[in-house]
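First up is the structure itself, then whatever we jot down about it.
The values are calculated or read from the model by the stated rules, or taken from the named source; none is laboratory data. Predicted model only: the values in this text are computed from it and were never measured. With ideal geometry, Cβ positions are generated from the backbone for all residues, glycine too; neighbour counts draw on all protein chains shown.
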Amino acid sequence: MKGFKKQELEEQGFMGRLFGSKPQQNAFAEINNILTEAKSAQELTKDAAAAIFKKWGCKFSDTNMDQRSAIYRKVADNAFSSAQSKDDPILNDRAHMAEILEIPENLCRLADNGAKKSAYFSRCRGLVTGGENLNIAAINELFGYDYEDGFDFRKQVFNDYFNGEFDRIADAKRFTPEDEQQLRDMCAKLDIPYEFKANIDNALTKYRYLWNAENAPLGNVKVDFPLEDGEICHAAGQAALCEVKTVAKEDNYYQLTRKLRIDETISFKGEHIEHPQVMEETAVIIDAGYLFLTNSRIIYLSKKLAKQIRLDDLKTADLSTNIIEAHQNDGQSLSFKMQDDAAEVMFAILRRILKDRNQK
């Protein structure tokens, strides 16, 4: 039976032989060893158990109740983890063992509740790994659970499974339709809703958009400005036109860390401490509007400006955090700042457009 492992019997010591006492622990070890080889607890008859207890001079008392209860719990664990229906004969092992070991009804209920929870969790995990042949409806019926009784267990099993799947998805930064269908199927298998916390849902949405940008058919976005013959707009989004500038900033390290000291890098002007200047490149926003990607152009439009780069004139394109930089063959460049997720998706679509053009 599952949960039982063979135990060695204790040898009778010198004092035991002198006074004629026997190690009563051996009675429980023999019972354990019989159950280790048995398929059902009912293979251990009441008469056989009584003979073993008599052989080792074992009498039931509060002092060995823990040992008796431990054996009963293992029998209950095996019954609930193996039963195929609520009428499965293996469930009767519990009453049989309770009678042999004289376990009080209240302790039987306590052990049964623990065994049911443990087995339910294990069998739900079996639904995930493929090791369980009953569906969740049959498992619930077997345990006498309704939807709410086992919900927390099923949710925990799914979360354990999802954590591994999410690590894989996050490493790839892609959420494929197959990935989503697999998660939905697992939720259906465990009878829980397909829902995630906001931060997880946002991450999955981002990875789904990135996969779509690289694999789904390119879209045909309707725009309110004229396109050229054969030109199709594949993507559009809010963007800011940027200009990379070198600006001077105070090196206020000492002020920020409150480790002020007077040396050649700091000067006083009146009561104001002047820190040394450092030069730093930064993207300065000069206009806000919309970025459009077509099969032939990169277009930027706002109420004030209209810029374009023909893809035939595009030398390279780079993504730096949330800024798409487009470099032309003539040495000029345009930089577009977007929200982080949008910038990644737009850049993936741009690479897709360029790849498709090169393959034609």
Q) Within region 234-252, can you find the residues that are assigned to a strand (DSSP E or B) and at pLDDT below 90? A) GLU243, VAL244, LYS245, THR246, VAL247, ALA248, LYS249, GLU250
Q.
Which count do you get for residues in region 327-343 that are assigned to a helix (DSSP H, G or I) and crowded, with 20+ Cβ neighbours inside 10 Å?
A. 1
Q. Any residue in region 156-172 that is charged (D, E, K, R), outside the structural domain of ILE90 (by TED's automatic domain parsing), assigned to a loop (DSSP other than H, G, I, E, B) and surrounded by fewer than 16 Cβ atoms within 10 Å (Cβ to Cβ)?
A. no
Q) Got a sec? Which helices (runs of 4 or more DSSP H) wholly within region 14-107 have at least 1 residues that are at pLDDT below 90 and within 48 Å of the chain's Cα centre (by Cα)? A) 25-37
Q: Please specify each residue of region 216-242 satisfying the condition of being in contact (Cβ under 8 Å) with a residue 24 or more places away in the chain and within 32 Å of the chain's Cα centre (by Cα).
A: LEU218, ALA235, GLY237
Q) Among the residues of region 306-316, which ones are assigned to a strand (DSSP E or B) and in contact (Cβ under 8 Å) with a residue 24 or more places away in the chain? A) LYS307, ILE309, LEU314
Q. Of (1) in a helix (DSSP H, G or I); (2) touching a strand residue (DSSP E or B) at 6+ places or on another chain (Cβ under 6 Å), GLN182 satisfies all except one. Which?
A. (2)
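Yes or no, residue by residue, for (1) assigned to a loop (DSSP other than H, G, I, E, B); (2) modelled with pLDDT under 65:
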| site | (1), (2) |
| --- | --- |
| TYR254 | no, yes |
| MET279 | no, yes |
| LYS304 | yes, no |
| ASP318 | no, no |
| GLU325 | no, no |
Q | Subset of region 210-219 [in a loop (DSSP other than H, G, I, E, B) and more than 17 Å from LEU291 (Cβ to Cβ)] | A | ALA216, PRO217
Q.
Which residue is surrounded by the fewest Cβ atoms within 10 Å (Cβ to Cβ), if the candidates are limited to region 92-109 and must be of a type in the set (A, V, I, L, M, F, W, C) and under 15 Å from LEU44 (Cα atoms)?
A. ALA95
Q) Which one of ASP179, ASP191 is surrounded by 15 or more Cβ atoms within 10 Å (Cβ to Cβ) and at positive phi? A) ASP191
Q. Just wondering, is there one or more residues in region 59-77 that are closer than 22 Å to GLU8 by Cα and touching a Cys at 6+ places or on another chain (Cβ under 8 Å)?
A. yes
Q: Please verify whether region 236-243 includes one or more residues that are of a type in the set (Asp, Glu) and not assigned by TED's automatic domain parsing to the domain that holds ARG351.
A: no
